[in-house]
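The values are calculated or read from the model by the stated rules, or taken from the named source; none is laboratory data. Computed from a predicted model, the values in this text were never measured in an experiment. Because the Cβ atoms are built from the backbone with ideal geometry, glycine has one as well, and the counts that use them run over all protein chains shown.
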């Protein structure tokens, strides 16, 4: 594993760790009278303010972001907002189960938008991670993981949004990590803000926020600000299918933290599920074919062309996102670079 890949893996797992622990401060806010919807709006607003102060005028990238940038904002906003709505209105375990079907949608979206193809190991690893999630979350009394009410449809769509967001972050290589992080904050603030104003109780809820909750809101906002930037780096540099498998480790961190912080039990099923998810995360580096690894190894060759030795005797054209698009006038509208991968025995 290259140094960049290792840093990217650590970035995604860091995000999973933070979100696996984030339920606790949000529960504290709820106990102090701050609703989940309002807490999401305020914490992401704080993250947006601090992020823009630290990163500078990222909005200058709007003219090059195009519709991909808009899609990035909407997907990130709906992922966070939809997740909160579903958790508030639905049965938690069913909501989590439907949300964490995300690896299935990632396989489809990554194939469609990125031409990422799983090898036989990849399908096995995705199945292993989903098996771990099902083992931790599913209960016979819950029935099949099919939406049965509004909250569950929201959870399913938020999981699809989560999968599409991961793919879009990988697809928009012409945008900076800072812009992508700001898109997450702005998209979430936009949708939760519209919902609060639509229900007409925004000012009433704000008046009920006490000082101690204010300090906690600021702290969460700062953590979200830093975490978003770290995660966007990882998502930008990792294959989408690998990233979503790593994200499932959030369930493991959540289960362990609930055991220590809330006294909730970890039974045999939870332990088996955790082992499956951790195993899938450790094997996630094998999720793509040898040809795709050859493409990545050729990435820095002059003009994007190179001969890469792999195991088969064939030549194929491969397309891979640009991390630094060429200047205007020299193919500035190109978002993909063509490689000729010469595979020899």
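Looking at the structure I just gave you, is residue 56 assigned by TED's automatic domain parsing to the domain that holds residue 90 and either surrounded by 17 or more Cβ atoms within 10 Å (Cβ to Cβ) or over 28 Å from residue 238 (Cα atoms) (or both)? Reasoning before the result, please.
On the way: assigned by TED's automatic domain parsing to the domain that holds residue 90: yes; either surrounded by 17 or more Cβ atoms within 10 Å (Cβ to Cβ) or over 28 Å from residue 238 (Cα atoms) (or both): no.
Spelling it out, it is not the case that residue 56 is assigned by TED's automatic domain parsing to the domain that holds residue 90 and either surrounded by 17 or more Cβ atoms within 10 Å (Cβ to Cβ) or over 28 Å from residue 238 (Cα atoms) (or both).
Tally time: how many residues in the range 1-39 are over 20 Å from the mean Cα position of the chain (by Cα) and farther than 30 Å from residue 203 by Cβ?
Number satisfying all stated conditions: 3.
Got a sec? Which of 134, 162 is farther than 28 Å from residue 221 by Cβ, assigned by TED's automatic domain parsing to the domain that holds residue 245 and touching a helix residue (DSSP H, G or I) at 6+ places or on another chain (Cβ under 9 Å)? Even if it seems obvious, please write down each step before you answer.
Values: 162 fails: farther than 28 Å from residue 221 by Cβ.
Every option except 134 fails the conditions.
Test residue 90 against the stated conditions and say whether it is over 28 Å from residue 239 (Cα atoms) and either surrounded by 17 or more Cβ atoms within 10 Å (Cβ to Cβ) or at pLDDT below 85 (or both). It would help to see each step written out before you state the result.
Numbers: over 28 Å from residue 239 (Cα atoms): yes; either surrounded by 17 or more Cβ atoms within 10 Å (Cβ to Cβ) or at pLDDT below 85 (or both): yes.
Spelling it out, residue 90 is indeed over 28 Å from residue 239 (Cα atoms) and either surrounded by 17 or more Cβ atoms within 10 Å (Cβ to Cβ) or at pLDDT below 85 (or both).
Within the range 322-344, does at least one residue satisfy the condition of being under 20 Å from the mean Cα position of the chain (by Cα) and either modelled with pLDDT of 75 or more or surrounded by 13 or more Cβ atoms within 10 Å (Cβ to Cβ) (or both)?
Of all residues in the range 322-344, those under 20 Å from the mean Cα position of the chain (by Cα) come to 323.
Narrowing the set further to residues that are either modelled with pLDDT of 75 or more or surrounded by 13 or more Cβ atoms within 10 Å (Cβ to Cβ) (or both) leaves none.
No.
Take the residues in the range 252-278 that are more than 17 Å from residue 27 (Cα to Cα) and under 21 Å from the mean Cα position of the chain (by Cα), then tell me which one is surrounded by the most Cβ atoms within 10 Å (Cβ to Cβ). Walk me through it before giving the result.
Within the range 252-278, the subset more than 17 Å from residue 27 (Cα to Cα) is 252, 265-278.
If we keep only those that are under 21 Å from the mean Cα position of the chain (by Cα) as well, we get 252, 273-274, 276-278.
Numbers: 252: 24, 273: 25, 274: 20, 276: 22, 277: 29, 278: 15.
Residue satisfying both the conditions and the ranking: 277.
Mind telling me which of the residues 212, 281 ends up being out of contact with any strand residue (DSSP E or B) (no Cβ under 7 Å at 6 or more places or on another chain), assigned to a helix (DSSP H, G or I) and surrounded by fewer than 17 Cβ atoms within 10 Å (Cβ to Cβ)? Let's see the steps before the verdict.
On the way: 281 fails: surrounded by fewer than 17 Cβ atoms within 10 Å (Cβ to Cβ).
Answer to the check: 212.
Among the residues of the range 59-69, which ones are at pLDDT 85 or above and closer than 15 Å to residue 185 by Cβ?
Answer for the range 59-69, where residues must be at pLDDT 85 or above and closer than 15 Å to residue 185 by Cβ: 61, 69.
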